[in-house]
1. Taking the stated definitions as given, is residue 374 within 16 Å of the ligand (Cβ to nearest atom), buried (at least 16 other Cβ atoms within 10 Å of the Cβ) and modelled with pLDDT of 90 or more?
2. Do we have any residue at all in region 122-133 that's away from the ligand (no atom under 16 Å from the Cβ) and either in a helix (DSSP H, G or I) or modelled with pLDDT of 95 or more (or both)?
3. Being crowded, with 20+ Cβ neighbours inside 10 Å and part of a helix (DSSP H, G or I) is the filter here; which residues of region 52-68 pass it?
4. Find the residue count for region 53-94, including only residues that are touching a helix residue (DSSP H, G or I) at 6+ places or on another chain (Cβ under 6 Å) and without any contact (Cβ under 8 Å) to a residue 40 or more places away in the chain.
5. Cβ-Cβ under 9 Å, sequence separation 6+ or interchain: first residue in region 12-29 and under 15 Å from residue 262 (Cα atoms), partner at pLDDT 90 or above and loosely packed, with under 14 Cβ neighbours inside 10 Å. Which pairs?
6. From the list 295, 305, exactly one residue is at positive phi and either modelled with pLDDT under 90 or surrounded by fewer than 20 Cβ atoms within 10 Å (Cβ to Cβ) (or both). Which is it?
7. How about region 171-202: which of its residues are surrounded by 15 or more Cβ atoms within 10 Å (Cβ to Cβ) and under 23 Å from the mean Cα position of the chain (by Cα)?
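The values are calculated or read from the model by the stated rules, or taken from the named source; none is laboratory data. Being a predicted model, the structure only gives us computed values, none of them experimental. Here the Cβ positions follow ideal geometry from the backbone for every residue, glycine too, while neighbour counts run over all protein chains shown.
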Ligand SMILES: Cc1cc2nc3c(=O)[nH]c(=O)nc-3n(C[C@H](O)[C@H](O)[C@H](O)COP(=O)(O)OP(=O)(O)OC[C@H]3O[C@@H](n4cnc5c(N)ncnc54)[C@H](O)[C@@H]3O)c2cc1C
(Lines give C-alpha, C1' and ligand atoms only; values in the text may rest on other atoms or scores of the structure.)
Protein backbone atom coordinates (compact mmCIF):
# COMPACT_ATOMS: atom_id res chain seq x y z
CA UNK A 1 0.00 0.00 0.00
CA UNK A 2 1.37 3.41 -0.88
CA UNK A 3 0.16 5.89 1.65
CA UNK A 4 2.32 8.69 2.99
CA UNK A 5 2.56 9.33 6.71
CA UNK A 6 0.68 12.61 6.31
CA UNK A 7 -2.15 10.95 4.38
CA UNK A 8 -2.30 8.22 6.98
CA UNK A 9 -2.39 10.72 9.86
CA UNK A 10 -5.22 12.59 8.15
CA UNK A 11 -7.14 9.34 7.62
CA UNK A 12 -6.71 8.45 11.31
CA UNK A 13 -7.77 11.91 12.45
CA UNK A 14 -10.93 11.86 10.38
CA UNK A 15 -11.86 8.38 11.51
CA UNK A 16 -11.25 8.97 15.20
CA UNK A 17 -13.06 12.32 15.24
CA UNK A 18 -16.10 10.63 13.65
CA UNK A 19 -16.06 7.46 15.76
CA UNK A 20 -14.68 8.26 19.24
CA UNK A 21 -15.37 10.40 22.27
CA UNK A 22 -12.61 12.95 23.05
CA UNK A 23 -10.34 11.89 25.90
CA UNK A 24 -11.33 14.69 28.26
CA UNK A 25 -15.10 14.17 27.92
CA UNK A 26 -16.83 12.34 30.78
CA UNK A 27 -16.32 8.56 30.43
CA UNK A 28 -19.10 6.73 28.56
CA UNK A 29 -21.23 4.57 30.89
CA UNK A 30 -22.37 1.25 29.36
CA UNK A 31 -23.00 -2.37 30.24
CA UNK A 32 -20.30 -4.95 29.54
CA UNK A 33 -22.35 -6.43 26.68
CA UNK A 34 -22.70 -2.99 25.07
CA UNK A 35 -18.99 -2.29 25.55
CA UNK A 36 -17.99 -5.56 23.86
CA UNK A 37 -20.39 -4.93 20.97
CA UNK A 38 -19.05 -1.39 20.59
CA UNK A 39 -15.47 -2.69 20.63
CA UNK A 40 -16.29 -5.15 17.82
CA UNK A 41 -18.03 -2.46 15.73
CA UNK A 42 -15.14 -0.04 16.29
CA UNK A 43 -12.48 -2.50 15.10
CA UNK A 44 -14.55 -3.59 12.11
CA UNK A 45 -15.02 0.04 11.10
CA UNK A 46 -11.32 0.69 11.70
CA UNK A 47 -10.38 -2.15 9.35
CA UNK A 48 -12.90 -0.98 6.74
CA UNK A 49 -11.37 2.51 6.91
CA UNK A 50 -7.88 1.12 6.14
CA UNK A 51 -6.59 1.58 9.69
CA UNK A 52 -6.69 -1.93 11.20
CA UNK A 53 -3.74 -4.27 11.77
CA UNK A 54 -1.32 -1.54 10.75
CA UNK A 55 1.95 -3.48 11.00
CA UNK A 56 0.62 -6.95 10.14
CA UNK A 57 1.13 -8.45 6.66
CA UNK A 58 -1.44 -7.65 3.98
CA UNK A 59 -1.79 -11.39 3.27
CA UNK A 60 -3.15 -11.85 6.80
CA UNK A 61 -5.54 -8.92 6.97
CA UNK A 62 -3.12 -6.16 7.94
CA UNK A 63 -1.82 -3.08 6.16
CA UNK A 64 1.83 -4.16 5.95
CA UNK A 65 3.06 -0.74 7.12
CA UNK A 66 6.06 -0.08 9.35
CA UNK A 67 5.92 0.88 13.03
CA UNK A 68 6.18 4.62 12.32
CA UNK A 69 2.59 4.43 11.07
CA UNK A 70 1.55 2.67 14.26
CA UNK A 71 3.22 5.40 16.34
CA UNK A 72 1.37 8.07 14.34
CA UNK A 73 -1.92 6.26 14.84
CA UNK A 74 -1.34 5.76 18.57
CA UNK A 75 -0.50 9.43 19.03
CA UNK A 76 -3.82 10.40 17.43
CA UNK A 77 -5.67 7.69 19.35
CA UNK A 78 -4.33 8.99 22.68
CA UNK A 79 -6.60 12.04 22.24
CA UNK A 80 -9.70 9.85 22.44
CA UNK A 81 -11.54 7.31 24.57
CA UNK A 82 -11.74 4.40 22.15
CA UNK A 83 -13.54 1.15 23.04
CA UNK A 84 -10.43 -1.02 23.09
CA UNK A 85 -10.37 -2.81 26.44
CA UNK A 86 -12.48 -5.91 25.60
CA UNK A 87 -10.01 -6.77 22.81
CA UNK A 88 -6.83 -5.72 24.64
CA UNK A 89 -5.57 -9.28 25.22
CA UNK A 90 -6.78 -10.43 21.80
CA UNK A 91 -4.92 -7.64 19.99
CA UNK A 92 -2.03 -7.03 22.39
CA UNK A 93 -1.05 -10.65 23.03
CA UNK A 94 -2.86 -13.29 20.96
CA UNK A 95 -2.50 -11.50 17.62
CA UNK A 96 1.30 -10.97 17.80
CA UNK A 97 1.76 -14.56 19.01
CA UNK A 98 -0.32 -15.85 16.11
CA UNK A 99 1.76 -13.67 13.80
CA UNK A 100 5.06 -14.96 15.23
CA UNK A 101 4.24 -18.64 15.76
CA UNK A 102 1.15 -19.51 13.65
CA UNK A 103 1.41 -21.70 10.56
CA UNK A 104 0.43 -20.02 7.27
CA UNK A 105 -2.90 -21.93 7.45
CA UNK A 106 -3.60 -20.73 11.00
CA UNK A 107 -2.69 -17.17 10.10
CA UNK A 108 -4.93 -17.24 7.04
CA UNK A 109 -7.80 -18.67 9.04
CA UNK A 110 -7.59 -16.50 12.15
CA UNK A 111 -5.46 -13.37 11.85
CA UNK A 112 -7.74 -11.08 9.83
CA UNK A 113 -10.70 -12.09 12.02
CA UNK A 114 -8.74 -11.15 15.16
CA UNK A 115 -7.74 -7.80 13.66
CA UNK A 116 -11.37 -7.03 12.81
CA UNK A 117 -12.64 -8.33 16.16
CA UNK A 118 -14.90 -10.78 14.33
CA UNK A 119 -13.34 -13.13 16.89
CA UNK A 120 -11.97 -12.04 20.26
CA UNK A 121 -9.35 -14.26 21.91
CA UNK A 122 -8.35 -14.78 25.53
CA UNK A 123 -5.29 -16.06 27.38
CA UNK A 124 -5.71 -19.43 29.13
CA UNK A 125 -2.55 -19.80 31.23
CA UNK A 126 -3.21 -19.48 34.99
CA UNK A 127 -4.61 -22.36 37.03
CA UNK A 128 -5.62 -22.67 40.68
CA UNK A 129 -2.22 -24.29 41.41
CA UNK A 130 -0.12 -22.41 38.85
CA UNK A 131 -0.01 -18.61 38.62
CA UNK A 132 3.43 -17.09 39.19
CA UNK A 133 4.97 -20.48 38.46
CA UNK A 134 2.77 -21.03 35.42
CA UNK A 135 5.19 -23.64 34.00
CA UNK A 136 4.05 -26.02 36.74
CA UNK A 137 0.50 -26.12 35.31
CA UNK A 138 -1.48 -29.35 35.31
CA UNK A 139 -4.01 -29.10 32.45
CA UNK A 140 -3.34 -32.15 30.31
CA UNK A 141 -3.48 -32.60 26.55
CA UNK A 142 -3.30 -36.18 25.31
CA UNK A 143 -2.89 -37.07 21.62
CA UNK A 144 -5.62 -39.23 20.10
CA UNK A 145 -5.02 -39.74 16.37
CA UNK A 146 -5.44 -36.39 14.64
CA UNK A 147 -6.85 -34.81 17.77
CA UNK A 148 -5.77 -33.72 21.23
CA UNK A 149 -7.99 -34.25 24.27
CA UNK A 150 -7.77 -31.51 26.90
CA UNK A 151 -8.69 -31.87 30.58
CA UNK A 152 -8.08 -29.42 33.42
CA UNK A 153 -9.04 -26.10 34.97
CA UNK A 154 -7.97 -22.57 34.13
CA UNK A 155 -8.71 -19.52 36.25
CA UNK A 156 -8.44 -15.72 36.05
CA UNK A 157 -9.23 -15.92 32.33
CA UNK A 158 -10.06 -12.31 31.44
CA UNK A 159 -12.96 -11.82 29.08
CA UNK A 160 -13.54 -15.53 28.33
CA UNK A 161 -17.28 -15.06 28.81
CA UNK A 162 -17.49 -13.09 25.54
CA UNK A 163 -14.49 -14.53 23.63
CA UNK A 164 -14.65 -16.94 20.70
CA UNK A 165 -11.19 -18.52 21.15
CA UNK A 166 -8.46 -18.97 23.74
CA UNK A 167 -4.75 -19.67 23.53
CA UNK A 168 -4.36 -22.46 26.05
CA UNK A 169 -1.10 -23.86 27.37
CA UNK A 170 -1.33 -27.50 28.42
CA UNK A 171 0.97 -30.31 29.49
CA UNK A 172 1.63 -32.78 26.69
CA UNK A 173 4.52 -34.69 28.28
CA UNK A 174 4.54 -35.02 32.10
CA UNK A 175 7.75 -37.07 31.94
CA UNK A 176 9.68 -33.95 30.84
CA UNK A 177 10.87 -31.22 33.25
CA UNK A 178 8.12 -28.64 33.79
CA UNK A 179 9.15 -26.12 31.13
CA UNK A 180 9.71 -28.71 28.40
CA UNK A 181 6.53 -30.79 28.36
CA UNK A 182 4.15 -27.95 27.46
CA UNK A 183 2.36 -27.13 24.21
CA UNK A 184 0.13 -24.24 23.11
CA UNK A 185 -3.32 -24.89 21.65
CA UNK A 186 -6.04 -22.88 19.99
CA UNK A 187 -9.28 -23.69 21.80
CA UNK A 188 -12.63 -22.83 20.24
CA UNK A 189 -14.59 -21.86 23.34
CA UNK A 190 -17.88 -23.09 21.88
CA UNK A 191 -16.64 -26.72 21.82
CA UNK A 192 -18.39 -29.36 23.94
CA UNK A 193 -16.64 -29.78 27.30
CA UNK A 194 -15.70 -26.08 27.69
CA UNK A 195 -17.46 -24.68 30.76
CA UNK A 196 -16.89 -20.96 31.39
CA UNK A 197 -17.92 -19.61 34.79
CA UNK A 198 -17.56 -15.87 35.44
CA UNK A 199 -16.12 -14.91 38.86
CA UNK A 200 -17.71 -12.02 40.71
CA UNK A 201 -15.24 -9.44 42.05
CA UNK A 202 -15.25 -6.95 44.92
CA UNK A 203 -16.11 -4.12 42.49
CA UNK A 204 -19.23 -5.95 41.29
CA UNK A 205 -18.00 -6.79 37.82
CA UNK A 206 -16.92 -10.15 36.43
CA UNK A 207 -13.74 -9.37 34.59
CA UNK A 208 -12.39 -12.90 34.71
CA UNK A 209 -13.58 -16.50 34.72
CA UNK A 210 -12.72 -20.02 35.64
CA UNK A 211 -12.80 -22.44 32.73
CA UNK A 212 -13.27 -26.17 33.14
CA UNK A 213 -12.05 -28.33 30.26
CA UNK A 214 -13.56 -31.81 30.21
CA UNK A 215 -12.53 -34.09 27.33
CA UNK A 216 -12.32 -31.12 24.96
CA UNK A 217 -11.22 -32.35 21.53
CA UNK A 218 -9.18 -30.02 19.31
CA UNK A 219 -7.52 -30.90 16.00
CA UNK A 220 -3.76 -31.36 15.69
CA UNK A 221 -3.85 -28.26 13.48
CA UNK A 222 -4.71 -26.27 16.63
CA UNK A 223 -1.16 -26.68 17.94
CA UNK A 224 0.64 -23.30 17.88
CA UNK A 225 4.38 -23.81 17.50
CA UNK A 226 5.84 -27.28 17.83
CA UNK A 227 4.68 -29.90 20.30
CA UNK A 228 6.71 -29.41 23.51
CA UNK A 229 7.55 -25.80 22.59
CA UNK A 230 4.62 -24.28 24.49
CA UNK A 231 6.81 -22.61 27.09
CA UNK A 232 8.62 -20.49 24.48
CA UNK A 233 5.29 -19.43 22.98
CA UNK A 234 3.96 -18.64 26.47
CA UNK A 235 7.03 -16.57 27.38
CA UNK A 236 6.70 -14.56 24.16
CA UNK A 237 3.05 -13.95 25.01
CA UNK A 238 3.88 -12.83 28.56
CA UNK A 239 6.47 -10.40 27.21
CA UNK A 240 3.89 -8.90 24.89
CA UNK A 241 1.57 -8.67 27.90
CA UNK A 242 4.08 -6.81 30.06
CA UNK A 243 4.91 -4.43 27.27
CA UNK A 244 1.20 -3.87 26.57
CA UNK A 245 0.44 -3.15 30.25
CA UNK A 246 3.60 -1.21 30.99
CA UNK A 247 4.24 0.75 27.83
CA UNK A 248 0.71 1.82 27.09
CA UNK A 249 1.64 5.49 27.54
CA UNK A 250 1.20 7.81 30.48
CA UNK A 251 -1.37 7.22 33.16
CA UNK A 252 -1.13 3.96 35.01
CA UNK A 253 -4.77 2.99 34.85
CA UNK A 254 -5.74 3.75 31.32
CA UNK A 255 -6.36 7.38 32.17
CA UNK A 256 -8.70 6.76 35.11
CA UNK A 257 -6.48 8.29 37.78
CA UNK A 258 -3.81 10.30 36.01
CA UNK A 259 -1.96 13.06 37.83
CA UNK A 260 -3.67 15.54 35.48
CA UNK A 261 -7.09 14.36 36.61
CA UNK A 262 -6.06 14.36 40.26
CA UNK A 263 -4.62 17.88 40.01
CA UNK A 264 -7.95 19.06 38.58
CA UNK A 265 -9.73 17.31 41.43
CA UNK A 266 -7.42 18.90 44.03
CA UNK A 267 -8.18 22.34 42.58
CA UNK A 268 -11.93 21.78 42.55
CA UNK A 269 -11.84 20.61 46.18
CA UNK A 270 -9.70 23.55 47.33
CA UNK A 271 -6.80 21.25 48.22
CA UNK A 272 -4.28 22.42 45.61
CA UNK A 273 -2.51 24.68 48.13
CA UNK A 274 -1.94 21.91 50.67
CA UNK A 275 1.84 21.22 50.63
CA UNK A 276 1.37 17.50 51.38
CA UNK A 277 -1.12 17.15 48.50
CA UNK A 278 1.14 19.17 46.18
CA UNK A 279 4.09 16.96 47.06
CA UNK A 280 2.12 13.76 46.39
CA UNK A 281 0.80 15.09 43.06
CA UNK A 282 4.23 16.27 41.89
CA UNK A 283 5.72 12.89 42.83
CA UNK A 284 2.98 11.07 40.90
CA UNK A 285 3.44 13.30 37.86
CA UNK A 286 7.20 12.70 37.82
CA UNK A 287 6.69 8.95 38.01
CA UNK A 288 4.17 9.09 35.16
CA UNK A 289 6.67 10.99 33.04
CA UNK A 290 9.32 8.37 33.78
CA UNK A 291 6.81 5.70 32.78
CA UNK A 292 6.19 7.53 29.52
CA UNK A 293 9.94 7.54 28.81
CA UNK A 294 10.22 3.83 29.63
CA UNK A 295 7.35 3.23 27.21
CA UNK A 296 9.07 5.31 24.50
CA UNK A 297 12.25 3.33 24.98
CA UNK A 298 10.40 0.05 24.59
CA UNK A 299 8.58 1.24 21.48
CA UNK A 300 11.84 2.47 19.95
CA UNK A 301 13.45 -0.91 20.60
CA UNK A 302 10.45 -2.56 18.94
CA UNK A 303 10.77 -0.20 15.96
CA UNK A 304 14.41 -1.21 15.66
CA UNK A 305 13.19 -4.80 15.33
CA UNK A 306 14.19 -6.05 18.81
CA UNK A 307 11.81 -8.51 20.47
CA UNK A 308 10.40 -7.40 23.84
CA UNK A 309 12.80 -8.28 26.67
CA UNK A 310 12.96 -7.78 30.44
CA UNK A 311 12.39 -4.03 30.02
CA UNK A 312 8.73 -5.01 29.76
CA UNK A 313 8.99 -6.11 33.42
CA UNK A 314 10.40 -2.72 34.44
CA UNK A 315 7.53 -0.95 32.69
CA UNK A 316 4.92 -3.31 34.11
CA UNK A 317 6.25 -3.05 37.68
CA UNK A 318 6.43 0.72 37.47
CA UNK A 319 2.89 0.95 36.08
CA UNK A 320 1.59 -1.15 38.99
CA UNK A 321 3.43 0.99 41.56
CA UNK A 322 2.10 4.19 40.02
CA UNK A 323 -1.41 2.72 40.04
CA UNK A 324 -1.24 2.07 43.79
CA UNK A 325 0.24 5.50 44.47
CA UNK A 326 -2.46 7.19 42.36
CA UNK A 327 -5.13 5.25 44.27
CA UNK A 328 -3.70 6.46 47.60
CA UNK A 329 -3.63 10.07 46.43
CA UNK A 330 -7.17 9.76 45.06
CA UNK A 331 -8.51 8.37 48.34
CA UNK A 332 -6.85 11.19 50.26
CA UNK A 333 -8.36 13.80 47.93
CA UNK A 334 -11.82 12.39 47.32
CA UNK A 335 -12.38 11.09 50.83
CA UNK A 336 -15.58 9.10 51.49
CA UNK A 337 -16.68 9.29 47.83
CA UNK A 338 -13.94 6.83 47.02
CA UNK A 339 -15.74 4.25 49.17
CA UNK A 340 -19.44 5.15 49.57
CA UNK A 341 -20.34 5.89 45.99
CA UNK A 342 -24.11 5.49 46.11
CA UNK A 343 -24.46 8.31 48.58
CA UNK A 344 -21.85 10.51 46.96
CA UNK A 345 -24.03 11.96 44.24
CA UNK A 346 -20.98 12.90 42.16
CA UNK A 347 -18.64 10.69 40.18
CA UNK A 348 -17.83 8.70 43.35
CA UNK A 349 -18.48 5.36 41.67
CA UNK A 350 -15.70 6.01 39.18
CA UNK A 351 -13.25 6.83 41.96
CA UNK A 352 -14.34 3.82 43.95
CA UNK A 353 -13.98 1.53 40.92
CA UNK A 354 -10.51 2.85 40.16
CA UNK A 355 -9.36 2.63 43.79
CA UNK A 356 -10.71 -0.88 44.33
CA UNK A 357 -9.28 -2.00 41.00
CA UNK A 358 -5.76 -0.60 41.57
CA UNK A 359 -4.30 -3.65 43.40
CA UNK A 360 -5.13 -5.87 40.40
CA UNK A 361 -2.33 -4.17 38.48
CA UNK A 362 0.18 -5.62 40.93
CA UNK A 363 -1.03 -9.16 40.13
CA UNK A 364 -2.18 -9.25 36.48
CA UNK A 365 0.51 -10.17 33.96
CA UNK A 366 2.82 -11.44 36.74
CA UNK A 367 3.00 -10.03 40.26
CA UNK A 368 5.31 -7.24 41.38
CA UNK A 369 7.49 -9.78 43.18
CA UNK A 370 7.83 -11.86 40.03
CA UNK A 371 8.76 -8.76 37.97
CA UNK A 372 11.40 -7.93 40.58
CA UNK A 373 12.80 -11.45 40.28
CA UNK A 374 13.01 -11.08 36.49
CA UNK A 375 14.69 -7.68 36.76
CA UNK A 376 17.10 -9.03 39.39
CA UNK A 377 18.10 -12.01 37.31
CA UNK A 378 17.93 -10.75 33.73
CA UNK A 379 18.82 -7.06 34.10
CA UNK A 380 21.03 -6.93 37.21
CA UNK A 381 22.62 -10.36 36.71
CA UNK A 382 21.83 -11.57 40.24
CA UNK A 383 21.90 -15.32 40.92
CA UNK A 384 18.78 -17.26 39.95
CA UNK A 385 16.27 -18.33 42.58
CA UNK A 386 17.25 -21.81 43.79
CA UNK A 387 14.99 -24.58 42.48
CA UNK A 388 15.52 -27.92 44.26
CA UNK A 389 13.50 -29.72 41.56
CA UNK A 390 15.28 -28.24 38.54
CA UNK A 391 15.54 -30.72 35.68
CA UNK A 392 13.29 -33.31 37.34
CA UNK A 393 10.32 -34.72 35.42
CA UNK A 394 7.19 -32.66 36.19
CA UNK A 395 5.31 -35.79 37.31
CA UNK A 396 7.89 -36.39 40.08
CA UNK A 397 7.76 -32.84 41.51
CA UNK A 398 5.52 -32.59 44.61
CA UNK A 399 2.49 -30.36 44.08
CA UNK A 400 0.39 -28.72 46.75
C1 LIG B 1 -6.93 -8.44 36.65
C2 LIG B 1 -6.28 -9.77 36.38
C3 LIG B 1 -6.43 -10.33 35.13
C4 LIG B 1 -5.83 -11.56 34.84
N5 LIG B 1 -6.03 -12.10 33.59
C6 LIG B 1 -5.49 -13.32 33.30
C7 LIG B 1 -5.76 -13.93 32.03
O8 LIG B 1 -6.47 -13.39 31.19
N9 LIG B 1 -5.24 -15.14 31.79
C10 LIG B 1 -4.45 -15.81 32.69
O11 LIG B 1 -3.96 -16.88 32.38
N12 LIG B 1 -4.18 -15.26 33.92
C13 LIG B 1 -4.70 -14.03 34.24
N14 LIG B 1 -4.46 -13.46 35.47
C15 LIG B 1 -3.73 -14.25 36.48
C16 LIG B 1 -2.37 -13.71 36.84
O17 LIG B 1 -1.43 -13.89 35.82
C18 LIG B 1 -1.98 -14.44 38.15
O19 LIG B 1 -2.89 -14.04 39.14
C20 LIG B 1 -0.58 -14.08 38.58
O21 LIG B 1 0.36 -14.65 37.72
C22 LIG B 1 -0.31 -14.56 40.04
O23 LIG B 1 -0.64 -15.90 40.20
P24 LIG B 1 -1.50 -16.38 41.47
O25 LIG B 1 -2.69 -15.50 41.56
O26 LIG B 1 -1.71 -17.83 41.32
O27 LIG B 1 -0.58 -16.07 42.73
P28 LIG B 1 0.63 -16.98 43.33
O29 LIG B 1 1.55 -17.38 42.21
O30 LIG B 1 0.01 -18.07 44.13
O31 LIG B 1 1.35 -15.94 44.23
C32 LIG B 1 0.92 -15.64 45.56
C33 LIG B 1 1.89 -14.63 46.17
O34 LIG B 1 3.22 -15.20 46.23
C35 LIG B 1 4.18 -14.36 45.58
N36 LIG B 1 5.16 -15.18 44.90
C37 LIG B 1 4.93 -16.26 44.11
N38 LIG B 1 6.09 -16.75 43.62
C39 LIG B 1 7.09 -15.94 44.09
C40 LIG B 1 8.50 -15.92 43.93
N41 LIG B 1 9.12 -16.84 43.18
N42 LIG B 1 9.20 -14.94 44.55
C43 LIG B 1 8.58 -14.01 45.31
N44 LIG B 1 7.22 -13.99 45.52
C45 LIG B 1 6.49 -14.93 44.90
C46 LIG B 1 3.36 -13.57 44.58
O47 LIG B 1 4.00 -12.35 44.26
C48 LIG B 1 2.05 -13.35 45.33
O49 LIG B 1 2.15 -12.24 46.18
C50 LIG B 1 -5.04 -12.24 35.81
C51 LIG B 1 -4.91 -11.65 37.07
C52 LIG B 1 -5.51 -10.44 37.36
C53 LIG B 1 -5.35 -9.84 38.72
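1. On the way: within 16 Å of the ligand (Cβ to nearest atom): yes; buried (at least 16 other Cβ atoms within 10 Å of the Cβ): yes; modelled with pLDDT of 90 or more: yes.
The answer is yes for residue 374.
2. In the first step, residues of region 122-133 are kept if they are away from the ligand (no atom under 16 Å from the Cβ); the result is none.
Scanning region 122-133, I find no residue that is away from the ligand (no atom under 16 Å from the Cβ) and either in a helix (DSSP H, G or I) or modelled with pLDDT of 95 or more (or both), so the answer is no.
3. Across region 52-68, the qualifying residue is only 60.
4. 2
5. Final answer for the pair search is none.
6. Values: 295 fails: at positive phi.
The match here is 305.
7. Those that are surrounded by 15 or more Cβ atoms within 10 Å (Cβ to Cβ) and under 23 Å from the mean Cα position of the chain (by Cα): 179, 182, 183, 184, 185, 186, 187, 189, 194, 196, 198.
Yes/no matrix, rows are residues, columns are (1) within 13 Å of the ligand (Cβ to nearest atom); (2) at pLDDT below 90; (3) loosely packed, with under 13 Cβ neighbours inside 10 Å; (4) closer than 22 Å to residue 29 by Cα:
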{"position": "285", "(1), (2), (3), (4)": "no, no, no, no"}
{"position": "310", "(1), (2), (3), (4)": "no, yes, no, no"}
{"position": "334", "(1), (2), (3), (4)": "no, yes, no, yes"}
{"position": "341", "(1), (2), (3), (4)": "no, yes, no, yes"}
{"position": "345", "(1), (2), (3), (4)": "no, yes, yes, yes"}
{"position": "367", "(1), (2), (3), (4)": "yes, no, no, no"}
{"position": "383", "(1), (2), (3), (4)": "no, no, yes, no"}
{"position": "393", "(1), (2), (3), (4)": "no, no, no, no"}
{"position": "397", "(1), (2), (3), (4)": "no, no, no, no"}
